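Enquirer: Can you read through this structure? Questions will come right after.
The values are calculated or read from the model by the stated rules, or taken from the named source; none is laboratory data. These numbers come from a predicted model, not from an experiment. Using ideal geometry, Cβ is built from the backbone for each residue, glycine included, and neighbour counts are taken over all protein chains shown. Just the protein is used for accessible areas: all its heavy atoms, side chains included, with ligands, DNA and RNA removed. Shrake-Rupley method; radii C 1.70, N 1.55, O 1.52, S 1.80 Å.
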Amino acid sequence: MARISAWRVNDAVAYEAMRESATLLTSLLLQSSIERSGPSAAALSELQQLQRDILDVDGHDRAAVNSLADRIAVRITELTP
């Protein structure tokens, strides 16, 4: 018997959008680090934490996905000129 996933279609879309935003944030963090002539410890630490947060988020928990997506969006806004 096939098991039905608890994920709704829009949950998968929200999760993928969060992942895409995380990729953009990673790029912005790396770019800002390079512009300062080398990766800073703070930028590397933030990148590591971002990766941990992405791996730790429960993709089935819409509130957790939305919360992480919101934090990522705020940081993207801060880094975008």
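Enquirer: Distance between the C-alpha centers of segment 65-81 and segment 17-36? Whole Å please.
Expert: Measuring centre to centre over Cα atoms gives 11 Å.
Enquirer: If you build the convex hull over the alpha carbons only and average its shadow over all orientations, what do you get for segment 17-81? Give it in nm² to one decimal. Please list the in-between numbers first.
Expert: Working: hull surface 16.6 nm².
Average of the hull's projected areas for segment 17-81 equals 4.1 nm².
Enquirer: Could you do me a favour and compute the accessible area per residue for segment 23-75, 1.4 Å probe, result in Å²?
Expert: Value returned for segment 23-75: 63 Å² of accessible area per residue.
Enquirer: Multiply the residue gap between Glu20 and Leu47 by 0.36 nm, knock off their C-alpha separation, and tell me the result in nm, one decimal place. Spell out each step's value before the answer.
Expert: Values: separation 27, 0.36 × 27 = 9.72 nm, distance 1.47 nm.
Working it through step by step, the gained length comes to 8.2 nm.
Enquirer: Still on this structure, please answer the following. Given +1 on the Cβ of Lys and Arg, -1 on the Cβ of Asp and Glu, and no further charges, what dipole in debye does segment 26-67 carry about its Cα centre, rounded to the nearest 20?
Expert: Working: 3 positive and 6 negative charges, 27 e Å.
Roughly 120 debye for segment 26-67.
Enquirer: Hey, with R₀ at 25 Å, roughly what FRET efficiency would Asn66 and Gln31 work out to, going by the Cβ-Cβ distance, to 0.05?
Expert: 0.45
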